[in-house]
Amino acid sequence: MTDLMKLLLDYTLNQRLPRFLDHDTYSGVQTLEARHLAALKDGLSGERAASLERYREDRETIRSLELEAMFLAAFSIARELR
C-alpha cells in the first residue's frame with residue numbers, strides 16, 4: 001500500500017466511517033462486549049487471562065486487516081466505475 005493509500009485509509013477510518021455507523025447499536029454492542037470480556041477474565045487464572053488478552057489483540061489485528069482489505073476493494077471498484 002502506498003503512502004497515499006495509507007493516508008486515504010486513515011482519513012476514511014477516522015473521518016468517514018463514523019458517519020456510517022449506527023452509533024446507538026455500536027455503543028450497545030461495545031458495552032456488551034466489555035461486560036462479556038470482564039466476565040471471562042474474572043473466571044480465569046493469570047495465564048489464561050493473558051492468553052485471552054492475546055486472543056483479543058489478535059482479533060483486533062484481524063479486524064484492522066479486514067478493514068484495510070475492504071477499503072482497497074472499494075477503492076478498486078470506484079476506480080473501475082470511473
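The values are calculated or read from the model by the stated rules, or taken from the named source; none is laboratory data. All figures in this text were calculated on a predicted structure; none of them were measured in a lab. Note that each Cβ is placed from the backbone with ideal geometry, even for glycine, and that neighbours are counted across all protein chains shown. Side chains included, ligands, DNA and RNA excluded: accessible areas come from the protein's heavy atoms. Shrake-Rupley method; radii C 1.70, N 1.55, O 1.52, S 1.80 Å.
The residues of the chain expose, per residue, 86 Å² of accessible area to a 1.4 Å probe.
Take the Cβ atoms of Ala74 and Leu44, set R0 to 41 Å, and the FRET efficiency comes out at 0.60.
Taking the 1.4 Å solvent-accessible surface of the range 36-82 as the whole, the part contributed by carbon and sulfur is 56%.
Coupling constants for the range 58-72 follow from the phi torsions by the Karplus curve (6.51 cos²θ - 1.76 cosθ + 1.60, θ = phi - 60°), and in residue order they are 5, 4, 5, 5, 4, 4, 4, 5, 5, 5, 4, 5, 4, 4, 5 Hz; glycine and proline get x.
May I ask you to give the average projected area over all directions of the convex hull of the Cα atoms of the chain, in nm² rounded to one decimal?
7.1
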